[in-house]
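A.B. asks: Please see the structure below; I have some questions.
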Amino acid sequence: MRFGRKGPASSSIDDVGKASDWLQEERRKTLGDYTCFCLSCGSVWRYFLENEAELPAACPHCGGETRHRCPACAAPFPSAFAIECEECGAEVRPPEVLGVRIRKPGR
């Protein structure tokens, strides 16, 4: 037995993927293209490159070190969940914050 609607009004997995990409792009246009995160508490800020100089060197919440560029290649991070640099593959932070995994295994 099949559930759901049939025909042109039904959505496919491709449509959901396109909507997800659109939403991600809208968030980045509004909140910023890149992220800065605290290595201690995991707080995250989004920013635009033109505002990079305004990023805090220390976390305003816990005083921990913040990171907004890869220590190996200086690439900015587009994802708040980055644990490896998308450009060079170097580790940018440990895979856990406060005992919780940042990414699910396999992602």
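The values are calculated or read from the model by the stated rules, or taken from the named source; none is laboratory data. Treat the numbers as computed from the prediction; the structure is a model and nothing was measured. Don't worry about glycine lacking a Cβ; one is built from the backbone with ideal geometry, like all the others, and counts go over all protein chains shown.
Residues are listed down the side, and each one gets a yes or a no for (1) modelled with pLDDT of 90 or more; (2) assigned to a loop (DSSP other than H, G, I, E, B):
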{"site": "Gln24", "(1), (2)": "no, no"}
{"site": "Lys29", "(1), (2)": "no, no"}
{"site": "Ala53", "(1), (2)": "yes, no"}
{"site": "Arg93", "(1), (2)": "yes, yes"}
{"site": "Lys104", "(1), (2)": "no, yes"}
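A.B. asks: In the stretch 80-105, which residues are loosely packed, with under 13 Cβ neighbours inside 10 Å and among the small types (Gly, Ala, Ser)?
C.D. replies: Residues satisfying the conditions are Gly89, Ala90, Gly99.
A.B. asks: If I ask for residues that are within 16 Å of the chain's Cα centre (by Cα) and modelled with pLDDT of 95 or more, which ones from the stretch 63-78 would you list?
C.D. replies: Thr66, Arg67, His68, Arg69, Cys70, Ala75, Pro76
A.B. asks: Return only the number of the condition from (1) closer than 22 Å to Asp21 by Cβ; (2) part of a loop (DSSP other than H, G, I, E, B) that Cys41 does not satisfy.
C.D. replies: (1)
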